[in-house]
Structures are given as C-alpha cells and as structure tokens.
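The values are calculated or read from the model by the stated rules, or taken from the named source; none is laboratory data. Here the structure is a predicted model, which means the values were calculated and not measured. Please note: Cβ atoms are built from the backbone with ideal geometry, for glycine as well, and neighbour counts cover all protein chains shown.
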Amino acid sequence: MPGLLKDKVALVTGGAAGIGRATAQIFARDGAKVMVADIVVEGGQETARLIREAGGEATFARCDVSRSEEVRALVDQTVKAYGRLDCAFNNAGIEGTVSSTADCTEENWDSIVATNLKGEWLCMKYEIPQMLKQGGGAIVNTASVGGLVGLPGLSAYCASKGGVVQLTKVAALEYAKSNIRVNAICPGGIRTGMSKRLGRQPQMGETLPAPMRRWAKPEEIGEVVAWLCSDAASFVTGHTMTADGGFVAQ
Ligand code: NAD
C-alpha cells in the first residue's frame, strides 16, 4: 500500500532475485528507502536499478550473510547511507541438495545451516543494536512451511527453517520492551529460482502446493512482509505467519 512505509529505511537480504527482489520493490513503492543486499552482484544491482527507475530510492551492497564481518559492514553501510534502520527483511536462503537424512552430506548440511540459520542470527545480531539506539524497529525473518512441517528430502533445510522460527520467538521476547518487533514469514510454494531448481531435482518432482492448487507470485509474500514491517502491525511480534495457500492447514 503506497505510503505504508513512508520515511522508513529498510534492509533486504537475498534481494537479487525472487521473494527478496519483489519485497524490496514493494518496500520502495510503499515509501521506504531500501538497502538491497545479496552475494549476487549483478542481480542485486538490477533490483536497485529497477527501484530507482520506478521513482524509488535504493542502493545495492554485496554481502554474504553467513560472514559476520560482512553483515556488520552491511548494517553500517545502511546507516551511513540513510541515517537509520527501521525495517529488516532477513530473507537470504538456499535450498541445497535434496537427499534423505542419512544421505545428506556434511557439506550440504553446513552450508544450508550457515546461510539460512546462522545468517539470520548474524543479521539480527547487528541490526538490533542499531534499532535499540534509535528506539525501535521491525524485523521479519524468512522461515518456510518447511520450518513447521517435515518435507522429505530436505532435512537440513527444514531444520534450519525450524531454527529460524524459534530464533524469531526468542528475539521477539527479548526485545518486546524495547519496541523492536520480530516476526517470521513462512512461505509455501512460491514461483522463484529456488522452487524451479528444487522442482528439477529428481527426488522432488514438481508437486503443486495444495489446497489453492497454484504457486504464488513472490509479490504475494512481499505484501505480507511490508505489512508486518509497518506501523499497521504495531502489536504483532513473535508471530509465525504462513503465506502458503493453506498448505499447513491440511
Ligand atoms: P531465490 O533463490 O530466488 O533467492 C534467494 C536469494 O538469496 C538469491 O538472490 C541468492 O543469491 C541469495 N543468497 C543466497 N545465499 C546468500 C548469502 N549467503 N548471502 C546473501 N545472499 C544470499 O529464492 P527465493 O525463493 O526468493 O527464497 C527467498 C527466501 O524464501 C529463502 O530464505 C527461502 O528459503 C525462502 N522460501 C522460499 C520458498 C519458495 O517456494 N520459493 C518457500 C519457502 C521459503
């Protein structure tokens, strides 16, 4: 909704593609100045360019969310560029390789957990002190329906996303009195590079997410995230919100 995030400064990780790009564009449409972060430089710069061409304000910064120094520098760069940090969408994530639990390699496990779980913790580790300094803020962490129910073949992914759900609740409780809201979004099947890559892995196949019988567009997550980040959601914290066409209601 245009104006929903007027005068806010927002940070989006995983902003080079998919849900992150769509959400960065919605943040900007709604009035926020956006720092777009990703390990993929070309896609991240493209997101920032698309926002500026549409009349918004955005900057790209390269950042690997699994690396502490890079995340600290990202938050510093955001504050340097725009003066503050009101909304953070910690969204960067990877799916890894599909395999049963016993066949999952240590390398697959470690890289998924480092990006999806440690990465979201590192983002909060550096975002929260800035928000405390300013007197508040709103954080949304990307979990997944895989953080709520088991998805065979995705043990490390589901474990990392279940960790994000719990991490979100703990941080929400710790900082509720400090006016920092922390929520998690659990997308279902969204049409992005990630779901296309997963669909190509022979063990997964192309399963249509039930019960709405369609895939969602990344924008359908971005609209929810923008609301969660906005003052319209001022009493919402510690919440795990599904946007999954009814998948986990089954
Ligand atoms: P995507 O692959 O299109 O986008 C993910 C982005 O994260 C990419 O631009 C990638 O370069 C970036 N990224 C990966 N590792 C990074 C790192 N270490 N540091 C910084 N950036 C990094 O996928 P998407 O579907 O848009 O996924 C976004 C988030 O949504 C992920 O956390 C994913 O687990 C979650 N999710 C997606 C779906 C779905 O169906 N697509 C469902 C549930 C949850």
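Structure notes:
- Subset of the range 71-96 (residues that are buried (at least 18 other Cβ atoms within 10 Å of the Cβ) and over 25 Å from Trp227 (Cα atoms)): Glu95, Gly96
- Residues being within 21 Å of Ile19 (Cβ to Cβ) and buried (at least 17 other Cβ atoms within 10 Å of the Cβ) - total across the range 98-120: 10
- Any chance Ala28 is touching a residue at least 24 places away in the same chain (Cβ under 8 Å) and surrounded by 19 or more Cβ atoms within 10 Å (Cβ to Cβ): yes
- Candidate set: the range 199-222, residues that are touching a helix residue (DSSP H, G or I) at 6+ places or on another chain (Cβ under 6 Å) and either assigned to a helix (DSSP H, G or I) or over 18 Å from Ala32 (Cβ atoms) (or both); chosen: the one modelled with the lowest pLDDT: Glu206
- Any hit, the range 240-248, residues being part of a helix (DSSP H, G or I) and more than 14 Å from Ala138 (Cα to Cα): yes
- Taking each residue of the range 1-23 that is polar (S, T, N, Q) and looking for partners that are crowded, with 22+ Cβ neighbours inside 10 Å and not in a strand (DSSP E or B) with beta-carbon atoms closer than 6 Å, six or more apart or interchain, yields Thr13/Val65; Thr13/Asn91; Thr13/Ala92; Thr23/Gly222; Thr23/Val225.
- Listed by position, the strands (runs of 3 or more DSSP E) inside the range 1-107 whose residues that are more than 13 Å from the ligand (Cβ to nearest atom) number at least 3 are 57-62.
- Residues of the range 171-194 classified as near the ligand (Cβ under 8 Å from one of its atoms), in a helix (DSSP H, G or I) and closer than 29 Å to Thr237 by Cβ, total: 1
- Single residue of the range 123-150 satisfying the filter (assigned to a loop (DSSP other than H, G, I, E, B), free of Cβ contacts under 8 Å to residues at least 60 places away in the same chain and more than 10 Å from the ligand (Cβ to nearest atom)) that is surrounded by the most Cβ atoms within 10 Å (Cβ to Cβ): Gly136
- Val36 vs. criteria within 16 Å of Cys123 (Cβ to Cβ) and buried (at least 23 other Cβ atoms within 10 Å of the Cβ): yes
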